[in-house]
1. Can you tell me which residue within the range 27-56, out of those that are touching an Asp or Glu at 6+ places or on another chain (Cβ under 8 Å) and touching a residue at least 40 places away in the same chain (Cβ under 8 Å), is farthest from residue 78 (Cα to Cα)?
2. Could you please give the count of residues in the range 52-75 that are over 14 Å from residue 20 (Cβ atoms) and either among the acidic types (Asp, Glu) or assigned to a loop (DSSP other than H, G, I, E, B) (or both)?
3. Take the residues in the range 34-50 that are touching a Gly at 6+ places or on another chain (Cβ under 6 Å) and at pLDDT 90 or above; name whichever of them is farthest from residue 12 (Cα to Cα).
4. With the requirement that a residue be within 22 Å of the chain's Cα centre (by Cα), within 18 Å of residue 25 (Cα to Cα) and among the β-branched types (Val, Ile, Thr), what does the range 41-71 give you?
5. What are the residues in the range 11-23 that are of a type outside the set (Ser, Thr, Tyr) and either surrounded by 14 or more Cβ atoms within 10 Å (Cβ to Cβ) or assigned to a strand (DSSP E or B) (or both), if any?
Amino acid sequence: MAVTKVVMPKLSEQMESGKVIKWLKNEGDRIQGGDILAEVETDKADVEMEAFGAGVLRKILVPAGTSAPVGSLIGVIAEPNERPRRPQSRRRSPRPPARPQSAPRRCRHNPEAKISRPSSRLLRRGPKPHA
């Protein structure tokens with residue numbers, strides 16, 4: 001059986017975050033698909049959030065009284081013998097900053113030496129005429 005991620009649902013078009021009012025299930029409780037897990041407060045109403053997977057509520061990541069952005073991981077459902085992987089952030093690791101275009105290139109054998117580009121005058125010349 002697979003691990004089921006419990007995420008903060010988007011309950012309206014304007015909803016950006018929700019607040020977990022209270023968890024109706026505790027860590028370690030057996031969960032069936034359709035069980036009510038928690039009550040969530042939106043900007044317009046309090047709504048019951050149901051489970052979409054079956055197993056055991058292994059971890060509550062957002063405690064009651066705390067707000068979380070829509071789509072964020074707030075709990076994990078898995079079988080007791082399954083070991084859920086550590087939740088990963090949706091954000092990708094930042095790329096190293098791009099090297100400025102104006103920065104001089106360096107020679108790999110001698111980092112102190114700068115590599116210059118040939119002048120356009122040299123590029124326009126053809127082969128030397130034979131005498």
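The values are calculated or read from the model by the stated rules, or taken from the named source; none is laboratory data. None of these values were measured; they are calculated from a predicted model. Please note: Cβ atoms are built from the backbone with ideal geometry, for glycine as well, and neighbour counts cover all protein chains shown.
1. 49
2. Filtering the range 52-75 for residues over 14 Å from residue 20 (Cβ atoms) gives 52-56, 58, 71.
Retained after the next criterion (residues that are either among the acidic types (Asp, Glu) or assigned to a loop (DSSP other than H, G, I, E, B) (or both)): 52-54, 71.
The qualifying residues number 4.
3. Quick first cut of the range 34-50, residues touching a Gly at 6+ places or on another chain (Cβ under 6 Å) only: 40, 42, 50.
If we keep only those that are at pLDDT 90 or above as well, we get 40, 50.
Working: 40: 12, 50: 16 Å.
By that ranking, first place goes to 50.
4. Passing the criteria: 60, 62, 66.
5. From the range 11-23, those of a type outside the set (Ser, Thr, Tyr) are 11, 13-16, 18-23; that's our starting set.
The answer is 11, 15, 18, 19, 20, 21, 22, 23.
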